[in-house]
Amino acid sequence: MEFVTYEVEGMVGIITINRPKALNALNSAVLDELNEAFDAVDVNTIRAIILTGAGEKSFVAGADIGEMSTLTKAEGEAFGKKGNDVFRKIETFPIPVIAAVNGFALGGGCEISMSCDIRICSENAVFGQPEVGLGITPGFGGTQRLARTVGVGMAKQMIYTARNIKADEAFRIGLVNAVYPQEELMDAAKKLASTIAKNAPIAVRNCKKAINDGLQVDMDKAIVIEEKLFGDCFETEDQKAGMGNFLEKDKEKKLKVVPFQNK
Ligand code: CAA
């Protein structure tokens, strides 16, 4: 692939958007390659993904403005769908995806980070939805996910003003979970991913599904979603091993995790 790389380190996959000349902006080719990269992940062996951008300046500086500049109404809608389909794939990907935001996360960059489960960033990160300054709305889920992530009032302020915010403000409003010096960001992301990878994989997947699916419905339906996914865990080796360890007072309390079992 030309614009996206995929590496594996143990049980962690690292997907890097690599188009530094355009600050990793998302054109159709990058979106296609991102789609392929996620399809290529072997979810039977990989337990968490880190998504980042190449270089030290930019995570993703948005959708490609050059490519969008000549679109018709129908083409604009189709381009929005193309991005939304990839981002939804990330959001519903069976294993957790961590965005390691290493610089600009503007427009589509902020939006792709919000389709990930967890966001951490470097001190030089800048977040924003600058679209109304370009005469468009956010088009890859920003109007929906920003409000769900930081609350309606703050999301509307960011989107209507098109004002960018720095890492400390992103942390304060809950858009990112932690801020690190640039040189420590990837290590922190790998540590977080490895911590997740050590836990029972089916339980982690079921947690992601329960949280994601539960947020789409009312509480009565949401708790039923949880009950079913909770129940599923009792068919797994990990539940037997994990609870067995506790009852046997295994000092290490280590899960004797087994490879992912298809149910
Ligand atoms: N699309 C296409 N090219 C981009 C780009 C983008 N979103 N962002 C940066 N680039 C390109 C620049 O055109 C430039 O290319 P050349 O060297 O060939 O001229 C190169 O990347 C470096 O950029 P700058 O020279 O502008 O770098 P800078 O340090 O002066 O500024 C920046 C950095 C503030 C991020 C600035 O590049 C910028 O404002 N970029 C646009 C950010 C933006 O508006 N993003 C939202 C896009 S709309 C969107 O994403 C819609 C949606 O929701 C789907």
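The values are calculated or read from the model by the stated rules, or taken from the named source; none is laboratory data. What you see is a predicted model, and the numbers here were worked out from it, not measured in a lab. All Cβ positions, even for glycine, are placed from backbone atoms using ideal geometry, and neighbour counts span all protein chains on display.
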- Query: Taking segment 33-57 as the search range and keeping residues that are touching a residue at least 12 places away in the same chain (Cβ under 8 Å) and in a helix (DSSP H, G or I), which one is farthest from the ligand (Cβ to nearest atom)?
  - Reply: Ala40
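Going by what's in this entry, would Ile202 be described as in contact with a strand residue (DSSP E or B) (Cβ under 7 Å, 6 or more places away or on another chain) and assigned to a helix (DSSP H, G or I)?
On the way: in contact with a strand residue (DSSP E or B) (Cβ under 7 Å, 6 or more places away or on another chain): no; assigned to a helix (DSSP H, G or I): yes.
It is false that Ile202 is in contact with a strand residue (DSSP E or B) (Cβ under 7 Å, 6 or more places away or on another chain) and assigned to a helix (DSSP H, G or I).
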- Answer yes if at least one residue in segment 123-137 is closer than 21 Å to Asp213 by Cβ and either part of a loop (DSSP other than H, G, I, E, B) or without any contact (Cβ under 8 Å) to a residue 40 or more places away in the chain (or both), and no otherwise. no
- Note on the structure: Of the residues in segment 58-89, those that are farther than 17 Å from Arg119 by Cα and part of a loop (DSSP other than H, G, I, E, B) number 5
- Message: Looking at segment 137-146, can you tell me whether even one residue there is under 16 Å from the mean Cα position of the chain (by Cα), more than 16 Å from Ala61 (Cα to Cα) and buried (at least 20 other Cβ atoms within 10 Å of the Cβ)?
- Response: yes
- Is it true that Glu226 is among the acidic types (Asp, Glu), over 25 Å from the mean Cα position of the chain (by Cα) and surrounded by fewer than 19 Cβ atoms within 10 Å (Cβ to Cβ)? no
- Message: As an exercise: evaluate Val176 against (1) more than 16 Å from the ligand (Cβ to nearest atom); (2) without any contact (Cβ under 8 Å) to a residue 60 or more places away in the chain; (3) surrounded by 14 or more Cβ atoms within 10 Å (Cβ to Cβ); (4) part of a loop (DSSP other than H, G, I, E, B) and give the number of the one condition it does not meet.
- Response: (2)
- Task: Kindly indicate the residue of segment 62-78 that is more than 27 Å from the chain's Cα centre (by Cα) and farther than 29 Å from Thr52 by Cβ and also nearest to the ligand (Cβ to nearest atom) among those meeting that condition.
- Result: Thr70
- Item | Of residues in segment 113-122 being away from the ligand (no atom under 13 Å from the Cβ) and part of a loop (DSSP other than H, G, I, E, B), the one nearest to the chain's Cα centre (by Cα) | Cys116
- Of all residues in segment 93-112 being more than 12 Å from the ligand (Cβ to nearest atom) and over 14 Å from Ala193 (Cα atoms), which is surrounded by the most Cβ atoms within 10 Å (Cβ to Cβ)? Val101
- Query: Among the residues of segment 156-173 satisfying the criterion of being basic (Lys, Arg) and part of a helix (DSSP H, G or I), which is farthest from the ligand (Cβ to nearest atom)?
  - Reply: Arg172
- Note on the structure: Val258 passes all but one of the listed conditions (1) over 24 Å from Ala48 (Cβ atoms); (2) modelled with pLDDT under 95; the exception is number (1)
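Rundown of residues vs (1) touching a residue at least 60 places away in the same chain (Cβ under 8 Å); (2) of a type in the set (D, E, K, R); (3) within 19 Å of Met186 (Cα to Cα), yes/no style:
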site	(1), (2), (3)
Leu26	yes, no, no
Gly62	yes, no, no
Glu75	no, yes, no
Phe79	yes, no, no
Ile98	yes, no, yes
- Task: Examine segment 16-30 for a residue that is in a strand (DSSP E or B) and either within 9 Å of the ligand (Cβ to nearest atom) or crowded, with 24+ Cβ neighbours inside 10 Å (or both), and state whether such a residue exists.
- Result: yes
- Just give me the residues in segment 56-70 being under 15 Å from Ala99 (Cβ atoms) and either among the hydrophobic types (A, V, I, L, M, F, W, C) or modelled with pLDDT under 95 (or both), in sequence order. Phe59, Val60, Ala61
- Message: Going by what's in this entry, would Lys89 be described as without any contact (Cβ under 8 Å) to a residue 12 or more places away in the chain, more than 8 Å from the ligand (Cβ to nearest atom) and at negative phi?
- Response: no
